[in-house]
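Just below is one structure, and these are the notes that go with it.
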Amino acid sequence: MQLNRTNVKNAEKYPTKILQFGEGNFLRAFADWMVQKMNNEIGFNAGVDVVQPLPTGMVDLLNKQDGLYNVYLKGIKDGKPVKEFEFIQAINKGINPYSEFDVYKASILNPELRFVISNTTEAGIAFDENDTLDMEPQNSFPGKVTALLYERFKAFEGASDKGLIFFTCELIDRNGDMLKKYVLKHANNWNLGDEFTQWVETACAFCNTLVDRIVPGFPKDDIKEIQAELGYEDNLVVVGEYFHLWVIEAPEWVAREFPAEQAGLEVKFVKDMTRFREQKVAVLNGAHTGSYAVSFLYGIDTVREAYESIEVGNFMKEMVYEEVLPVLDGTEKELKSFAGKILERFSNPYIRHLWQSIALNAMSKWETRNLPSLLGFVEKHDMLPQKLVFSLAAMISYFKGQTENGEYQVQDDQWILDFYKEAWAACDGRPISVYELVEKVLGLDKVWKQNLNEIPNLTITVSHYLFLINQVGMKKAVKAVLSAKNPLMGMTIEGKAKDEQTVVNN
């Protein structure tokens, strides 16, 4: 039996109060799960319309099930292993604005609409100068939001209670502030007027948020058993860990309108989320992105297997405790306690978190999650953090798309894939050729927002590790970087500088 509202007679229907940009696994297992909990526990009575941000996506499948699906939580609750299903019935419909613009516009003009939740990936909140007001829809997410708000402003004649509250879940620093900045920039470029700009400033709230829940996604290996347990065919089941945290930087009136804490959820409304964000992004997300290429090329498919392996597990722990924590704000006791809780989640026996899913858009993730730790370590200690540098080399190796065991698919922006295809084709494996490849990668200021070749000795050190990985394979390379005899360990920037020309000439 297919899961839908015809076959499941008792499914609830809620008035749409939330417009969500993003139909992927994370928001469905995080934000929509929370909305459902609020509906169940405190009568929040809110439904969600889900907008597909790109021309291709999953809204057709979502609509086939009438927005119904299950979140399958597996993890540790009150110190004990737990597995539980949560039936999600808060989603009213999925919308593809590229093929259903009238439906999309009608949802925008819904007078009960109050919240907008988004997760359009780290690259989603970007300014597109080619967007225009008359496009149906605009290409960029900020362009869509500007047009959305302008439609509401006109339809409701600037009524202050028809503004919207934005919870941006993209993993970039100050995500709400960034979205608001680009909305105002579009408003200015499109000559939408001072009254509209003032309405955006006063009637809307763009909240910076921090999200935390590991969501491996669709359980394809266990789906038959899960559907047998559910008693129907749910093709949108999404697996997540039990742990969850949503930190929202917002004024008190927003917290009153979205009373998630009253439903027993780990949602924290704060005045300044800087410290929370830096710790979470650097430790949890940084450990993931900093380890994915090392683990995958080592021959390990999941986070748990990597963490429980001796060498890769030690690599992850040393990277976090020795290179990431020392550059974060907070007491040593506080930071170690936080890191311990984070890393403990990696060994969740119920979660099969594939490195290949973490590898998606790895370049922008490494810039956001790992580069700040590397730069902070260099500034504080006047030496390069070897595990982070090795991680960077491993990522470059990963983008080759092949090992001695065969080829694998790499997913990223097309221009990045094209860049690596050309760069690796030009590399013949000699040290100088590897150095030139690394030099090209570190010079991608479109990714790094700077030229990383200007960091003393980073280019040569990454080249050293990349050459090592190519020559002996990841397993032996990891042993080398963990070894106390690693010639690059503990050397200051000045010390390594002497070796640079020698290595390049070989």
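What follows is calculated from the coordinates using simple rules that are stated; it is not laboratory data. The model shown is predicted, which means the values in this text are computed figures rather than measured ones. Counting neighbours? That spans all protein chains shown, and the Cβs are built from the backbone with ideal geometry, glycine included.
Observations, loosely collected:
- Gain in span if fully extended, Q262 to E86, counting 0.36 nm per residue against the direct Cα distance: 61.5 nm
- Approximating the spin labels as points 7 Å out from Cα along Cα→Cβ, the W424-to-N7 distance works out to 4.1 nm.
- Excluding same-chain neighbours fewer than eight residues apart, the lysines reachable from K475 by a Cα-Cα span under 19 Å are K317, K387, K400, K485.
- Simple label model, 7 Å out from Cα along Cβ direction - E233 to S160, nm: 5.3
- Violating pairs (Cα-Cα greater than 23 angstrom) within the set K268/K341; K105/K154; K162/K268; K64/K224; K74/K220: K162/K268
- FRET efficiency for the S483 to E308 pair, using the beta carbon distance and R₀ = 25 Å, is estimated at 0.75.
- Counting only residues at least eight positions apart within a chain, or on another chain, the aspartates and glutamates with an alpha carbon under 13 Å from that of K449 are E367.
- Options F269, W33, A155, ranked by Cα towards positive dipole end of the range 16-272, top entry (Cβ charges): F269
- Measuring r between the beta carbons of E344 and N191 and using R0 = 60 Å, the FRET efficiency lands at 0.65.
- Averaging 1/r over each pair of different alpha-carbon atoms in the range 16-272 and inverting the result gives 18.8 Å, the Kirkwood hydrodynamic radius.
- Counting 0.36 nm for each residue step from K449 to T331 and taking away their Cα separation leaves a gain of 39.5 nm.
- As a ratio to 2.2 N^0.38 Å, the alpha-carbon radius of gyration for the chain is 1.02.
- Pairs beyond 24 Å (Cα-Cα), from K77/K271; K181/K446; K280/K380: K77/K271
- Between the range 280-355 and the range 368-388, the Cα center-to-center distance that results, in Å: 16
- With R₀ fixed at 22 Å, the C-beta to C-beta distance from K220 to T403 puts the FRET efficiency at about 0.40.
- Assuming charge only on the beta carbon of Lys and Arg (+1) and of Asp and Glu (-1), the dipole of the chain about its Cα centre is about 980 debye to the nearest 20.
- Simple spin-label estimate for W253 and L133 gives 2.6 nm between the two label positions (7 Å along the Cα-to-Cβ direction from each Cα).
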